[in-house]
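Student: Below is a structure I'd like to ask you about.
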2 protein chains.
Amino acid sequence: MSKTKPLFPLVTVDIALFTIDGGELKVLLTKRSNVPFKGCWSLPGGVLDPAVDDNLLAAANRVMLTKLGLTLPHMEEISSASGATRDPRGWSISMTYLALLPMDQIHAIAGKKVDEIEWANIRERRRKLAFDHSGLLDQALEQLRRKVLANVLPLHMLPQKFTLTQLQRTIETITGMPLEKSAFRRRLKDQHASDLEAVPGEYERGVQRPAQLWRATKDYRFH
Amino acid sequence: MSKTKPLFPLVTVDIALFTIDGGELKVLLTKRSNVPFKGCWSLPGGVLDPAVDDNLLAAANRVMLTKLGLTLPHMEEISSASGATRDPRGWSISMTYLALLPMDQIHAIAGKKVDEIEWANIRERRRKLAFDHSGLLDQALEQLRRKVLANVLPLHMLPQKFTLTQLQRTIETITGMPLEKSAFRRRLKDQHASDLEAVPGEYERGVQRPAQLWRATKDYRFH
DNA sequence: TCAATAGTGTCTCTTAGACAATATTGA
DNA sequence: TCAATATTGTCTAAGAGACACTATTGA
């Protein structure tokens, strides 16, 4: 470690990383290998290292890369949690981040897998997490749903090339609300012309009419 | 001061406090009386004191109370700013808060007025602020406008009792967009029945038909 | 031909904007 | 009565949901 001075207050970053797997919304959890809360499940996270982190967002990206080998297409600050009692080690600040992983990279986790990991189904979330992570996860999930309901496209959860039906299913899975196919596509044409582009001549085939493949335009952001 | 240990990283809170004055949106600025950026204008703020602050939100409220004598009806976390270079004193974290002051309390500022203060007109904002506060103010302002445009009522900027026209003018001032009186009132009736209540028998009088006075319902939150 | 899903068209209903009409006061 | 602003009503246009229709493939 490159830490030189002890941190006071203790500053950590915690990441709620979501993806879609088997038509279900999942979040990545890690089992803690150290005290406090050793053996408990928690959001993946780590301690700020001022010697190497340019800022807190960079710290979140570093943690996901070094601990899990992941470079994530979206990382967004959600909120802080702070106080003297939320971490037994003392007065602490945690910044929570919302991150998205493309569904075809769900098995890309490599890195120094010091911790046991699990993709937990959001709908079955009854497990109590370490620290105040249950609440942090709730906030990140709420923000994800709010944005998708507000018509922001979660393209970073899809493969590079995808069909419009895949996109529709992804949104339905996140929000829990069914979409009308016709109205959904009308909205894409009217309001997302600059977000999506058809991949010329590429189609997904099956026992049906081939489906046009689409991709996010360059520099698309989940904003 | 009750600080016992020096902070590392340095943790501060900065508050973008908005109100309406003379039909204009204003933000409270303070002139810094200490280094760094001595003599520069900045958002009011202060350093976290883990010995007395329950959390960062409490720190923001304490700073506004002790430095300016204000107890604010709304205080909301916006975002963090962090890094090694944004404050010459070293690696720092600042949490920005959005706060609202009722327009009839614009002169309520008392407290230990160690700093010179000014209500700066948002539309004339060309002044460069200390640290990265210009950007922080932009973010807070954007969030305020986003919420008001998304139909959240800024009741905390109005007096306890107000007319619907006052509310309409307030919203128009924040967003910069004119509202249709009829459609606006229809929206209030349809979507804000639980946010507003008429004050029975109380009217604002003038050279015109008296205007019903309204108040925010108990526990109304700007959310 | 049929099952299956892609993709499009159309009808209707709701909602929001535009604008007009009525209401009530002080001067 | 008039000026001024509060409050309400109505017409219309745009957008969204419901639903049906057509298109294209593999089996």
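Student: Can you tell me which of A:164, A:196, A:179 is touching a helix residue (DSSP H, G or I) at 6+ places or on another chain (Cβ under 7 Å) and more than 22 Å from residue A:24 (Cα to Cα)?
Tutor: Exactly one of A:164, A:196, A:179 is touching a helix residue (DSSP H, G or I) at 6+ places or on another chain (Cβ under 7 Å) and more than 22 Å from residue A:24 (Cα to Cα), namely A:196.
Student: Of all residues in the range A:70-108, which are without any contact (Cβ under 8 Å) to a residue 60 or more places away in the chain, under 18 Å from residue A:42 (Cα atoms) and in contact with a Gly (Cβ under 9 Å, 6 or more places away or on another chain)?
Tutor: Of everything in the range A:70-108, those that are without any contact (Cβ under 8 Å) to a residue 60 or more places away in the chain, under 18 Å from residue A:42 (Cα atoms) and in contact with a Gly (Cβ under 9 Å, 6 or more places away or on another chain) turn out to be A:70, A:81.
Student: Here's something else I'd like to know. Under 8 Å between Cβ atoms, at least 6 apart or on separate chains: pull out the pairs that start in the range A:197-223 with a residue that is more than 14 Å from chain B (Cβ to nearest Cβ) and within 11 Å of DNA strand C (Cβ to nearest atom) and end on any residue that is of a type in the set (Val, Ile, Thr) and not in a strand (DSSP E or B).
Tutor: Close Cβ pairs satisfying both conditions: A:204/A:163; A:211/A:163; A:211/A:165; A:212/A:163; A:213/A:163; A:214/A:163.
Student: Looking only at the range B:77-102, how many residues end up being out of contact with any helix residue (DSSP H, G or I) (no Cβ under 8 Å at 6 or more places or on another chain) and within 14 Å of another protein chain (Cβ to nearest Cβ)? If you could, list the steps in order and put the result at the bottom.
Tutor: To start, the set of residues in the range B:77-102 that are out of contact with any helix residue (DSSP H, G or I) (no Cβ under 8 Å at 6 or more places or on another chain) comprises B:83-92.
Subset that is within 14 Å of another protein chain (Cβ to nearest Cβ): B:83-87, B:89-92.
Count: 9.
Student: If you scan the range A:5-51, which residues turn out to be more than 14 Å from chain B (Cβ to nearest Cβ), closer than 21 Å to residue B:55 by Cα and touching a Ser or Thr at 6+ places or on another chain (Cβ under 7 Å)?
Tutor: A:45, A:46
Student: Among the residues of the range A:167-192, which ones are hydroxyl-bearing (Ser, Thr, Tyr), more than 10 Å from DNA strand D (Cβ to nearest atom) and free of Cβ contacts under 8 Å to residues at least 40 places away in the same chain?
Tutor: A:175
Student: For the range A:78-102, give me each residue that is surrounded by fewer than 20 Cβ atoms within 10 Å (Cβ to Cβ) and under 28 Å from residue A:161 (Cα atoms).
Tutor: A:102
Student: Right, here's the next one. When you scan the range A:1-97 for strands (runs of 3 or more DSSP E) that lie fully inside it, which ones turn up with 3 or more residues that are closer than 26 Å to residue B:5 by Cα, in contact with a strand residue (DSSP E or B) (Cβ under 8 Å, 6 or more places away or on another chain) and at pLDDT 95 or above?
Tutor: Numbers: elements: A:10-21, A:24-31, A:45-47, A:74-83.
Per the criteria, A:10-21, A:45-47, A:74-83.
Student: Another question about this same structure. Tell me yes or no: at least one residue of the range A:134-157 is farther than 24 Å from residue A:28 by Cα, surrounded by fewer than 17 Cβ atoms within 10 Å (Cβ to Cβ) and touching a residue at least 12 places away in the same chain (Cβ under 8 Å).
Tutor: Checking the range A:134-157: at least one residue is farther than 24 Å from residue A:28 by Cα, surrounded by fewer than 17 Cβ atoms within 10 Å (Cβ to Cβ) and touching a residue at least 12 places away in the same chain (Cβ under 8 Å).
Student: Right, here's the next one. Say whether the condition of being among the small types (Gly, Ala, Ser), free of Cβ contacts under 8 Å to residues at least 24 places away in the same chain and either more than 14 Å from every other protein chain (Cβ to nearest Cβ) or at negative phi (or both) is met by at least one residue in the range A:126-133.
Tutor: Within the range A:126-133 (the criterion being among the small types (Gly, Ala, Ser), free of Cβ contacts under 8 Å to residues at least 24 places away in the same chain and either more than 14 Å from every other protein chain (Cβ to nearest Cβ) or at negative phi (or both)), the answer is no, since none of the residues qualifies.
The values are calculated or read from the model by the stated rules, or taken from the named source; none is laboratory data. Since this is a predicted model, take the numbers as computed values, not measurements. Neighbour counts are summed over all protein chains in view; Cβ atoms, including those assigned to glycine, are modelled from backbone coordinates with ideal geometry.
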